[in-house]
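A quick write-up on the structure given underneath.
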Amino acid sequence: MHSLNLLTFPLLDRIQRFFNGPHPHVEKHQVSFTLMNPVMSPKASPVVQRRTSSPLNPPKHIPNEIVLKILEAAYDPQDLESTHHVLMNSALVCRDWSILAQKLLFHHVTLRSQASLHSLSDALSPSTPRGRMLADAVIRFSVILDHNQPNGVPSLSFASLFGRCSRVQELDVSLFGRGAPGNDVVGSPTQARMQRNAPSFDDEVLSMLRAGPSITRLRFSNWTDNSSTLSQLLHLWPTLRSLEIRGTALPTIPPLASTPFPCALSELRLNCQRAPSFEFLKWLLLNSRGSLRRVYADRQSCSDVLARVVREHNDSVESISMPTCQTREAAFSLMQCQGLRHLHMEDARVTMVLCKTLPTSLQHVSLGLHRETEMKPLLHLISESAGLASITLHLWKGGESHGKLDAVHAACALRGVQLNIVNDIREFRASAY
């Protein structure tokens with residue numbers, strides 16, 4: 001109980017004077033106030049229901065098949081740098097994701113130096129289950145054999161590590177030679193210093209490569225003066241189906257070659273500074289009659305010799321990519337390919353002339369287009385080719401302001417043909433493959 005003096009409050013003081021002061025017709029009474037805490041009836045104190053924290057449900061396990069589909073969707077072989085970044089982050093999610101991401105990370109491995117050789121050798125160690133698992137995950141193997149590099153990859157070490165990867169399907173070999181010692185005058189190197197010599201593969205290396213996985217695709221870039229290295233590799237894998245030749249050295253027919261190249265190729269791509277001889281290509285493709293489907297030339301120097309290859313295999317070739325077609329013989333070779341489905345050509349000066357004579361089997365056409373290109377043959381091709389599905393035009397030298405470009409848009413829309421317009425030559429070239 002607590003007592004409180006009400007006179008200390010002005011309002012209550014006036015109330016008390018009202019009751020105590022003289023008022024007519026009002027009897028005087030003695031009034032006092034006492035404030036007390038209210039008496040609470042005894043009740044049971046309320047029980048606070050605290051929500052007991054139940055243990056969190058463990059996250060549901062995503063099947064590995066679905067995780068693998070997610071990671072494979074993020075895998076872009078054309079942008080390995082971004083792909084590796086995504087996969088490395090995915091490997092940190094959980095153990096299951098880590099294993100699957102590592103497998104995809106090791107789909108494509110590259111040897112550039114002895115440091116990368118030692119690192120990859122430890123990762124693919126056959127003495128551990130993880131090493132054997134990662135070795136089986138390798139699908140594409142790339143190596144740079146640079147004889148001018150102090151800490152380059154030895155050929156024997158490359159062959160040994162390559163043999164661990166039993167499931168490799170693609171092999172990419174880049175070979176660089178060593179310049180002769182001496183001093184050059186700035187801007188005028190001597191002829192000897194311009195040469196890049198490299199030794200041939202020895203028997204031990206060739207034996208180890210032959211005992212390794214049976215690849216189906218070989219990409220060989222030879223930037224040396226040794227022209228015999230390609231023929232050494234060609235006899236190792238009878239399972240080859242795709243061959244890409246790059247570099248400066250002209251490949252040659254093996255000496256005393258009594259039998260042709262045994263493989264039946266379905267794809268041939270040339271990117272050489274100087275075109276290989278037609279005799280070499282004829283030897284190379286003698287067993288590919290009926291199987292050769294795709295032929296590509298990335299340099300103008302290889303266009304004419306590739307046109308001769310097309311003429312020899314016009315009954316099977318379905319896809320052709322060349323920078324230009326400047327001779328009647330080359331144009332006639334294209335006309336003879338009655339099963340041609342895909343044609344890619346960059347030179348806008350000559351390709352439109354071919355449009356009236358191209359086979360009706362064409363489905364995809366990629367052509368260059370500039371301001372002076374004659375468009376009537378292309379419009380004829382669009383209206384007459386029943387199977388044409390898409391056209392890709394690379395606009396250059398004012399091609400975007402061509403007066404007949406709107407007519408091409410209208411003709412494609414009328415025939416239901418997809419029209420792709422590109423300005424980037426890299427994007428245009430990527431559409432060929």
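Observations on the structure shown:
- Taking helices (runs of 4 or more DSSP H) as the structural unit, those lying wholly within the range 69-168 and holding at least 2 residues that are closer than 24 Å to R241 by Cβ and touching a residue at least 24 places away in the same chain (Cβ under 8 Å) correspond to 129-137, 155-164.
- Listed by first and then second residue, the pairs with beta-carbon distance under 9 Å, at least 6 apart or on different chains, first residue in the range 235-258 and of a type in the set (D, E), second at pLDDT below 80, form an empty list.
- Scanning the range 212-257 for residues being small (G, A, S) and farther than 22 Å from V305 by Cβ gives a total of 2.
- Among the residues examined, H380 qualifies as modelled with pLDDT of 80 or more and in a helix (DSSP H, G or I).
- Residue within the range 120-134 that is hydroxyl-bearing (S, T, Y) and either in contact with an Asp or Glu (Cβ under 9 Å, 6 or more places away or on another chain) or under 21 Å from P199 (Cα atoms) (or both) present: no
- Looking only at residues of the range 174-201 that are touching a helix residue (DSSP H, G or I) at 6+ places or on another chain (Cβ under 8 Å) and surrounded by fewer than 20 Cβ atoms within 10 Å (Cβ to Cβ), we find that the one that is modelled with the highest pLDDT is S200.
- Taking first residues from the range 410-433 that are free of Cβ contacts under 8 Å to residues at least 40 places away in the same chain and surrounded by 12 or more Cβ atoms within 10 Å (Cβ to Cβ) and partners that are among the β-branched types (V, I, T) and in a helix (DSSP H, G or I), the Cβ contacts under 9 Å between residues at least 6 apart in sequence or on separate chains come to A411/I382; C412/I382; R415/I382; V417/I382; L419/V408.
- For E372: the one exception among (1) crowded, with 17+ Cβ neighbours inside 10 Å; (2) more than 22 Å from S321 (Cα to Cα): (1)
- In the range 390-409, residue farthest from the chain's Cα centre (by Cα) [restricted to those that are surrounded by fewer than 15 Cβ atoms within 10 Å (Cβ to Cβ) and in a loop (DSSP other than H, G, I, E, B)]: G403
- The combined condition, being modelled with pLDDT of 85 or more, of a type in the set (S, T, Y) and either part of a loop (DSSP other than H, G, I, E, B) or surrounded by 16 or more Cβ atoms within 10 Å (Cβ to Cβ) (or both), is fulfilled by S321.
- Every condition in (1) under 19 Å from T216 (Cβ atoms); (2) over 29 Å from the mean Cα position of the chain (by Cα); (3) part of a loop (DSSP other than H, G, I, E, B) is met by S227 except one, and the failing one is (1).
- Residue check for S242: modelled with pLDDT under 90, among the hydroxyl-bearing types (S, T, Y), surrounded by 15 or more Cβ atoms within 10 Å (Cβ to Cβ) and at negative phi: no
- Residue count, the range 267-298 (criterion: over 22 Å from the mean Cα position of the chain (by Cα) and either of a type in the set (S, T, N, Q) or surrounded by 14 or more Cβ atoms within 10 Å (Cβ to Cβ) (or both)): 18
The values are calculated or read from the model by the stated rules, or taken from the named source; none is laboratory data. The structure presented is a predicted model; accordingly, all values stated were derived computationally and were not measured. Backbone-built Cβ (ideal geometry, glycine too); neighbour counts: all protein chains shown.
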